[in-house]
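Just so you know, all these numbers are worked out from the coordinates, no wet-lab data involved. Predicted model, so just to flag it, every value in this text is computed and none were measured. Virtual Cβ from ideal backbone geometry, glycine too; neighbours counted across all protein chains shown.
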Amino acid sequence: MPEIRIAKQETLLDVKSTAEAINGKFGELSARQDGFPFQHQIPYSARDGMGWQVLAVPPDNFQNASAAAFGNDIYVFGNSGTASSVIRKYSVVTGLWTNVNPSPLPSATLHKSIAVVIGSDIYVIFGLDTRKLAKYTPANNSWTELADAPNTLTGAAAGTVNSYLYVAGGAGASETAFRRYAPGADTWTDYNALPYQAASAMGGVVNGVLYVYSVTANRMIMWNQNFDTWTQQTDPPVALGRGAHAVFGNKLIFAGGTSAFDTTKRVWFYDPVADTWERTADAHYTFYSGVGAAISGAFYALGGSAPTFHKMASLFSLLGKQSHGEVKQGQKVYYHIRGVDGGVMVDDAPIASGGTVAQDGLLSTNIQAGFGVIRGWVN
């Protein structure tokens with residue numbers, strides 16, 4: 001009879017935990033009282049093993065802001081307020097937000113800004129029909145205004161090549177403009193114009209090469225630095241709107257943004273080496289006019305029609321270790337491992353199935369590879 005009872009509980013727990021995993025609740029899959037079964041499951045994913053985690057609501061709605069990853073922090077410039085000059089910092093280590101107040105404060109709005117890291121500074125192009133450029137230095141929390149851009153660059157794509165800032169497109173005087181900013185000389189230089197209009201554009205630098213996706217024209221292009229020419233690349237399978245995006249690993253990632261009412265929440269990787277597009281794990285939200293940043297092996301997406309903050313990483317990063325509650329000295333732990341490489345621990349010390357708990361501690365499971373389940377119980 002006890003075996004039948006446990007089997008029934010396992011079945012119920014299996015259904016519940018699978019639903020929790022699919023719905024993106026990547027915290028503890030179960031926290032059971034003593035004597036109850038425990039389970040740690042990673043469901044199979046056909047989308048290259050990636051998954052999304054919903055993080056705590058951020059202090060602002062960062063729609064139409066800009067973001068840059070620097071060290072262990074994500075700096076976000078502006079928010080959905082059209083007069084915003086707020087700068088906030090999120091630590092991926094502590095999970096805490098900090099309000100950044102550089103001296104002097106920015107003299108213009110950061111709404112619809114663009115932020116790019118060059119060396120030890122973050123260069124920010126101000127938004128909303130201004131031409132201002134400034135750099136923020138995290139080391140001393142200072143803000144320095146630089147030479148104005150030749151025209152407004154709202155909605156442009158930007159990236160760094162050989163310590164120069166390149167900006168393509170934007171809703172300014174010319175939607176095909178392509179310019180370089182030289183930090184040492186504090187000057188702007190015109191380069192060969194884009195082959196397509198790009199009032200709204202996204203992109204980034206992968207392996208020293210700048211890639212630009214024109215939202216306006218639905219075209220992906222690559223800049224040939226040696227010849228100052230543009231090469232047509234493979235366009236995405238569907239037209240993309242301006243959403244959260246970044247360079248993630250050696251690929252470009254585009255999350256959501258098709259429209260304010262998009263319900264598909266599709267996320268795409270663009271692989272510049274293979275010149276191919278691949279759909280990855282769907283998001284839980286559409287990041288319309290949102291911002292993104294990649295740091296520490298994860299992609300963070302913010303913004304949209306409401307304050308929201310999400311993280312995408314491998315399922316093993318999100319679900320790799322789970323806590324199941326406290327066990328007492330003298331209790332026995334029994335478990336089965338199915339389809340995965342992993343183990344069961346008490347206070348991070350491995351315990352064999354049928355083993356006796358040596359002292360009070362925290363029971364946890366860890367999955368290093370594979371898609372499946374570790375299921376067990378404590379007597």
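Numerical summary
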read-out: Rough spin-label spacing in nm, given labels placed 7 Å along Cα→Cβ, for Asp186 and Phe227; value: 3.7 nm
read-out: Point-to-point label distance, Ser107-Asp347, nm (Cα→Cβ direction, 7 Å offset); value: 6.1 nm
read-out: Potential extension, Thr276-Ser45 segment - 0.36 nm per residue separation minus Cα distance; value: 81.1 nm
read-out: MRE, 222 nm, helices only [DSSP H, n ≥ 4, -39500 (n - 2.57), over the chain, to nearest 500]; value: -2000 deg cm²/dmol
read-out: Efficiency of FRET from Cβ geometry, Lys321 and Ala147, R₀ 51 Å, rounded to 0.05; value: 0.55
read-out: Degrees, to the nearest 10: 2-22 long Cα axis against longest axis of the chain; value: 0 degrees
read-out: Answer label, with Rg and Dmax of the Cα atoms in Å calculated from the coordinates and candidates (i) 24.1, 81; (ii) 22.1, 76; (iii) 25.1, 79; value: (i)
read-out: Label point distance in nm, Gln359-Ala239, each placed 7 Å from Cα along Cα→Cβ; value: 6.5 nm
read-out: Cross-link pairs Lys135/Lys321; Lys311/Lys332; Lys112/Lys321; Lys89/Lys132 - those with Cα-Cα distance over 32 Å; value: Lys135/Lys321; Lys311/Lys332; Lys112/Lys321
read-out: If the convex hull is drawn through the Cα atoms of region 271-379, its volume per residue in Å³; value: 153 Å³
read-out: Within the chain, longest stretch free of exposed chymotrypsin sites (Phe, Trp or Tyr not before Pro) [DSSP loop, at most 11 other beta carbons within 10 Å]; value: 45-226
read-out: Computed over the chain: relative contact order in percent, which uses C-alpha pairs under 8 Å that are six or more apart; value: 16 percent
